[in-house]
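The values are calculated or read from the model by the stated rules, or taken from the named source; none is laboratory data. As the structure is a prediction and not an experimental result, all values here were calculated from the model. Neighbour counts are summed over all protein chains in view; Cβ atoms, including those assigned to glycine, are modelled from backbone coordinates with ideal geometry.
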């Protein structure tokens, strides 16, 4: 990955990238680069060129629907009058939507409110926005 510090071009290796954005919609990216000549000071600002990746064969869902349990991610979908827990893999996540893979289809209704209190097969009442039920 290309990094510019003080207008000088460097190559860096990606150590890690968060899969879910933080509260501000940003991702923590940790890079490692060679500084043997010690010309880069600790805490210096860098411009990072991040290549865009197009994701195929995924379902786009609201990021707020995703529940994390350690390194595992899942969502709840509506299955009649119960919530069904569906494990997912997050391919790409933006602040408001995420591209995921799993046993989920575009037609599935993903639960975005109250999902943190649900368990698999919990009975649910569907409330549409602006209605009591």
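Here the range 83-96 is the region considered, the condition is being under 16 Å from residue 21 (Cα atoms) and at pLDDT 90 or above, and the residue that is farthest from the chain's Cα centre (by Cα) is 89. Is at least one residue of the range 76-95 loosely packed, with under 13 Cβ neighbours inside 10 Å, in contact (Cβ under 8 Å) with a residue 60 or more places away in the chain and part of a loop (DSSP other than H, G, I, E, B)? For the range 76-95, residues loosely packed, with under 13 Cβ neighbours inside 10 Å, in contact (Cβ under 8 Å) with a residue 60 or more places away in the chain and part of a loop (DSSP other than H, G, I, E, B): present.
Quick grid of which residues meet (1) on the phi > 0 side of the Ramachandran plot; (2) at pLDDT 90 or above:
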{"site": "81", "(1), (2)": "no, yes"}
{"site": "100", "(1), (2)": "no, yes"}
{"site": "109", "(1), (2)": "no, yes"}
{"site": "112", "(1), (2)": "no, yes"}
{"site": "121", "(1), (2)": "yes, yes"}
{"site": "128", "(1), (2)": "no, no"}
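Of the strands (runs of 3 or more DSSP E) lying entirely inside the range 6-72, the ones with 3 or more residues being under 19 Å from the mean Cα position of the chain (by Cα), in contact (Cβ under 8 Å) with a residue 40 or more places away in the chain and closer than 30 Å to residue 86 by Cα are found at 59-62. Counting the residues of the range 32-56 that are at pLDDT 85 or above and either touching a strand residue (DSSP E or B) at 6+ places or on another chain (Cβ under 6 Å) or under 30 Å from residue 97 (Cα atoms) (or both) gives 8.
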